[in-house]
Every structure is written in structure tokens, then in C-alpha cells.
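The structure appears right after this line, and notes come after that.
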Amino acid sequence: MKKDDCIFCKIANGEIPSKTLYEDERFRVILDLGPATRGHALVLPKEHFANLYELPEEWCREAFALAGRMAGRMTERLSCDGFNLLQNNGEVAGQTVFHFHIHMIPRYYGDGQIIGGKQGKADQEELEAVRRIICEGEEQGRGTL
Ligand code: AMP
Ligand code: ZN
């Protein structure tokens, strides 16, 4: 279903023009208006899902499979040196448009971009405490999901 007040619903369905790289029945891939690097693109489903939590598994599979195929073509055509896929959920994670999308960010040596924040260092005890919370009631993460 589309959402009337959602800009990405309008872009994905062609009601607002965009620099489209690819389109099929379910998805549109467009160039980001505020590119982090040359060729920064977004994979948009044509139906409205606010975020990853709302995205049905089949759409999820297709979205990432499409991003994988696009990354191959874009790497060839743009001669980039690598790729980041980024997918933000929730304001705290940097999401500003609340319609699921995957950022495809071509990377070039010397592009100066920093994707992702600084990382710390955890000891085994901390890791185990977190693991227990996430996997409670499961056998070493082998339970159903
Ligand atoms: P996020 O912060 O993950 O929600 O990403 C939203 C992205 O959408 C940002 O990278 C914006 O630059 C981009 N964006 C916002 N409006 C438009 C638009 N009309 N056309 C293309 N990209 C857009
Ligand atoms: Zn939408």
C-alpha cells in the first residue's frame, strides 16, 4: 500500500520525478539528492514500509538481492573501489525518511567518507552478558528465529 504523505512512496511510484537507475514492478533505484559519494543510490520499494521491522521477509530478500545486482553494475560503470550498503531504522540510527530504503554508497580510495561510528573493545564477560539477553531461551543461538 502507498502512503499519501510519504515522499518516497511518490518517488518510487513515479509521481515525483527522480534520477532513476532501475525500475521493476516492486522497486525503483534512484540517485540520492545528497550524495555521500559519486553514485550514491537508494533502493526504494514501491509499497510503503516504514522500516526494516515492517518489511516482509520476501521484500527484504528481493531488496538486498537487487542491491547486490546493482552494486555489480555500478562498480563496473563507475569504477569504484568498494561499496557500503547502509540501512537506517529509527531516528536514533539516522533515519530521516520513514519509508524503508537501502543506501548504496560506492567507495573510492581517498573519498574521505566515514561510514559508521567509532567502535569500542568489549571483554568476554560483556559479550557473554549481551549474548544471554539476545539468546535467552535459545540453545547457543541455535533456536528458531
Ligand atoms: P535516511 O537518513 O537513511 O532516512 O536517508 C534519507 C536519504 O534520502 C538521504 O540520504 C537524503 O539525501 C535522501 N533524500 C531525501 N529526499 C530525497 C529526494 N527527494 N530525492 C532523492 N533523495 C532524497
Ligand atoms: Zn512510503
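The values are calculated or read from the model by the stated rules, or taken from the named source; none is laboratory data. Since this is a predicted model, take the numbers as computed values, not measurements. Backbone-built Cβ (ideal geometry, glycine too); neighbour counts: all protein chains shown. The area values use the complete protein model at the heavy-atom level, side chains included, leaving out ligands, DNA and RNA. Shrake-Rupley method; radii C 1.70, N 1.55, O 1.52, S 1.80 Å.
Couple of notes before you dig in:
- The residues of segment 7-27 that are within 11 Å of ligand 1 (Cβ to nearest atom) and not polar (S, T, N, Q), listed by number, are Ile7, Phe8, Lys10, Ile11, Ala12, Ile16, Pro17, Lys19.
- Residues in segment 22-35 that are more than 14 Å from the chain's Cα centre (by Cα) and closer than 21 Å to Gly82 by Cβ were compared, and the one that is surrounded by the most Cβ atoms within 10 Å (Cβ to Cβ) is Tyr22.
- Among the candidates Ile105, Ile115, the residue that is open to solvent by 50 Å² or more (accessible area, probe 1.4 Å), farther than 26 Å from Asp4 by Cα, under 22 Å from the mean Cα position of the chain (by Cα) and within 13 Å of ligand 1 (Cβ to nearest atom) is uniquely Ile115.
- Segment 36-49 - residue that is open to solvent by less than 50 Å² (accessible area, probe 1.4 Å) and not aliphatic (A, V, I, L, M) and, of those, nearest to ligand 1 (Cβ to nearest atom): His40
- Conditions (1) among the β-branched types (Val, Ile, Thr); (2) touching a residue at least 12 places away in the same chain (Cβ under 8 Å); (3) not in a helix (DSSP H, G or I): number failed by Thr144: (2)
- Residue selection: Glu54 fails the criterion of being away from ligand 1 (no atom under 12 Å from the Cβ) and surrounded by fewer than 12 Cβ atoms within 10 Å (Cβ to Cβ).
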